[in-house]
1. Show me the trypsin sites (Lys or Arg not before Pro) within the stretch 32-83 that DSSP assigns to loop and that have at most 14 other Cβ atoms within 10 Å of their Cβ.
2. Using only the heavy atoms of the protein chains and a 1.4 Å probe, how would Y63, Y115 rank by accessible area, largest first?
3. Would you grab the residues whose amide H sits under 5 Å from the one on L26? Only those 5+ places off in sequence or on another chain, please, with H modelled 1.01 Å from N.
4. Compare the Cα positions of M37, L82, G7 along the charge dipole of the chain (+1 at Cβ of Lys, Arg; -1 at Cβ of Asp, Glu; about the Cα centre) and return the one farthest towards the positive end.
5. Would you work out the relative contact order for the chain, in percent, from Cα pairs under 8 angstrom that are 6 or more residues apart?
6. Residues of the stretch 1-71: accessible area per residue at 1.4 Å, in Å²?
7. Counting helices only, and only those DSSP H runs with n ≥ 4, report the 222 nm mean residue ellipticity of the chain as the sum of -39,500 (n - 2.57) divided by its residues, in deg cm²/dmol to the nearest 500.
8. Report the accessible area of D32, computed with a 1.4 Å probe over the heavy atoms of all protein chains in place, in Å² rounded to the nearest 10.
Amino acid sequence: MSLPNFGDERAIADTLRLACLEVPVLIQATPDAPAKMTIAHRRDSFCGKMSACNNLKQYGIPYSLYLVAPEAPSSEEFKTDLEWFAGVCRVVKGLRNLRIGAIGARPAAFNTVRYSEKILEHNGISVETLDLSEVLRPYRAQ
């Protein structure tokens with residue numbers, strides 16, 4: 001979502017909600033030129049970005065921001081951030097409808113490897129579990 005000026009914060013959120021795209025969203029705001037910070041020329045896209053993001057949060061629409069704010073679409077910073085966001089999109093695309101196979105239970109002493117199957121399922125990722133004894137059974141018979 002590009003904001004060359006303040007923008008209509010509700011229209012931005014409504015458009016994304018009604019489109020039902022369910023894709024990553026990047027919010028970009030174009031900086032104001034300090035020499036044009038007058039009533040006649042002021043765009044204030046930074047304020048519009050904050051307002052649009054507030055509406056997206058209220059609507060439950062996830063979005064990404066970049067580190068420098070605001071930045072011009074022609075800047076090197078924007079190019080770098082766009083490359084980062086393209087990586088986010090590749091990861092999201094790769095994880096859609098992912099199916100994870102989990103063999104055995106997590107050892108009790110290793111909390112760092114736990115995950116929430118509910119959160120994964122909510123995001124289209126299913127987990128199929130299989131007890132370790134089921135995997136080892138055919139080999140015990142030999």
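1. Sites meeting the loop and neighbour criteria: R42.
2. Numbers: Y63 75, Y115 110 Å².
Largest accessible area first, the residues go Y115, Y63.
3. S64
4. Checked the options; the winner is L82.
5. Computed value for the chain: 21 percent relative contact order.
6. On the way: 4380 Å² over 71 residues.
Accessible area per residue, the stretch 1-71: 62 Å².
7. The per-residue figure over the chain is -13500 deg cm²/dmol.
8. That residue has around 40 Å² of solvent-accessible surface.
The values are calculated or read from the model by the stated rules, or taken from the named source; none is laboratory data. These numbers come from a predicted model, not from an experiment. Heads up, the Cβs are rebuilt from the backbone with ideal geometry, glycines too, and the neighbour counts pull from every protein chain shown. The protein model used for the area step is the full one, side chains on, heavy atoms only, and it has no ligands, DNA or RNA in it. Shrake-Rupley method; radii C 1.70, N 1.55, O 1.52, S 1.80 Å.
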